[in-house]
1. Quick one: in segment 102-113, of everything that is assigned to a loop (DSSP other than H, G, I, E, B) and aliphatic (A, V, I, L, M), which residue is surrounded by the most Cβ atoms within 10 Å (Cβ to Cβ)?
2. Need pairs with beta-carbon distance below 7 Å; first residue under 14 Å from residue 245 (Cα atoms) and within segment 73-85, second surrounded by 15 or more Cβ atoms within 10 Å (Cβ to Cβ) and charged (D, E, K, R); sequence gap 6+ or separate chains.
3. Could you grab the pairs with beta carbons closer than 7 Å, sequence gap of 6+ or different chains, first residue in segment 255-266 and loosely packed, with under 11 Cβ neighbours inside 10 Å and in a strand (DSSP E or B), second one among the hydroxyl-bearing types (Ser, Thr, Tyr) and at pLDDT 95 or above?
4. With surrounded by 11 or more Cβ atoms within 10 Å (Cβ to Cβ), out of contact with any Pro (no Cβ under 9 Å at 6 or more places or on another chain) and either modelled with pLDDT under 95 or more than 17 Å from residue 207 (Cα to Cα) (or both) as the only criterion, which of 13, 25, 54 stands out?
5. Whether any residue in segment 192-204 is surrounded by fewer than 22 Cβ atoms within 10 Å (Cβ to Cβ), of a type outside the set (A, V, I, L, M, F, W, C) and farther than 18 Å from residue 66 by Cα is what I want to check.
6. Of 94, 116, 99, 71, which residue is buried (at least 18 other Cβ atoms within 10 Å of the Cβ) and part of a loop (DSSP other than H, G, I, E, B)?
7. Touching a Ser or Thr at 6+ places or on another chain (Cβ under 9 Å), touching a residue at least 24 places away in the same chain (Cβ under 8 Å), aliphatic (A, V, I, L, M) and farther than 14 Å from residue 101 by Cβ: does that describe residue 223?
8. Name the strands (runs of 3 or more DSSP E) wholly within segment 166-247 that hold at least 3 residues that are within 14 Å of ligand 2 (Cβ to nearest atom)?
Amino acid sequence: MAEYTQQQLLDLVNSSQVNPGDERVRQITQRIVSDLFRAIDDLDIKPDEFWAGVDWLARLGASGQLGLITAGLGFDRLIDIREEEADVAAGRAAGTPRAIEGPLYIAGAPLSDGQARLDEDPAQGTVLVMEGQVRDVDGKPVAGALVDVWHANELGRYSHFDPDQEDYHLRRKIRTDAQGRYRFRSFIPPGYAIPPNSPTSELFEALGRHGNRPAHIHFLVAAEGLRTLTTQVNIPGDTFLDDDFAFATRDGLVVELQPDTPPAGYESLGVDAPFTRVCFDFVLQPA
Ligand code: MBD
Ligand code: FE
């Protein structure tokens, strides 16, 4: 039988090894386990608190909300900040600011050429036409880029995470035309709030935090030879613009809403009355 002090136990956990394993996984695990041992000791974490935490993690995993928690605790934004610091250190030209993907992206949305309609009749909310160009950092238009766009429905919920919506509802891929242009019609989405009565809301309530995001539209813009851009644009005027639970908003990504009347050629998008236009170009860094 072996008797250990806390430190002897930690050293043994961290040094125990019968195969080479993966050195990087060992390094990261050792660090996290050491930090947790220390937190339990420093904060005098009681058995019921420890097991309540384990139970919460198990429920979190089963709920599929891990990505909400990483975003809400700032990890997604941290990773973006670090990427941009690496860009600056390497002297790489900046493109459109990136913003976090979030946990609600679904690959494989229907593809159209040049333009798409995301919503359907009867129209919800304010009709939106968003359009612009994809360019590289030298200003050259990128034809054939794929603009993958997704946003929440009028209740702030995303298809594939909401049983009331069809698969790929409000999700499309648009291939830019010869001038690098894209255009889509949809409606201005509302903000998002974390689901109530869930492991995520449980933690946020205990932290005294809200779980709201301001209204936004997500993009993943990809093209041959260029670095894929993950970003979001924000709708101006939202209460949570500077108080996003996921810390994802950025100065350069709040768009301007331009009231307009439909020019010729908008029939194909079903736009035949005053609508709101948003112009936004995406600039992609070299791969
Ligand atoms: C969202 O809609 C979102 O965009 C992020 C980043 C996190 C949770 C919900
Ligand atoms: Fe979102």
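The values are calculated or read from the model by the stated rules, or taken from the named source; none is laboratory data. Just so we're clear, the structure is a prediction, and the values are computed from it rather than from any experiment. Using ideal geometry, Cβ is built from the backbone for each residue, glycine included, and neighbour counts are taken over all protein chains shown.
1. 109
2. none
3. Cβ pairs passing all conditions: 259/276.
4. 13
5. Within segment 192-204, none of the residues are surrounded by fewer than 22 Cβ atoms within 10 Å (Cβ to Cβ), of a type outside the set (A, V, I, L, M, F, W, C) and farther than 18 Å from residue 66 by Cα.
6. Working: 94 fails: buried (at least 18 other Cβ atoms within 10 Å of the Cβ); 116 fails: part of a loop (DSSP other than H, G, I, E, B); 71 fails: part of a loop (DSSP other than H, G, I, E, B).
Result of the check over 94, 116, 99, 71: 99.
7. Working: touching a Ser or Thr at 6+ places or on another chain (Cβ under 9 Å): yes; touching a residue at least 24 places away in the same chain (Cβ under 8 Å): yes; aliphatic (A, V, I, L, M): yes; farther than 14 Å from residue 101 by Cβ: yes.
Yes, satisfied.
8. Values: elements: 171-175, 181-187, 216-222, 229-234.
Qualifying strands (runs of 3 or more DSSP E): 216-222, 229-234.
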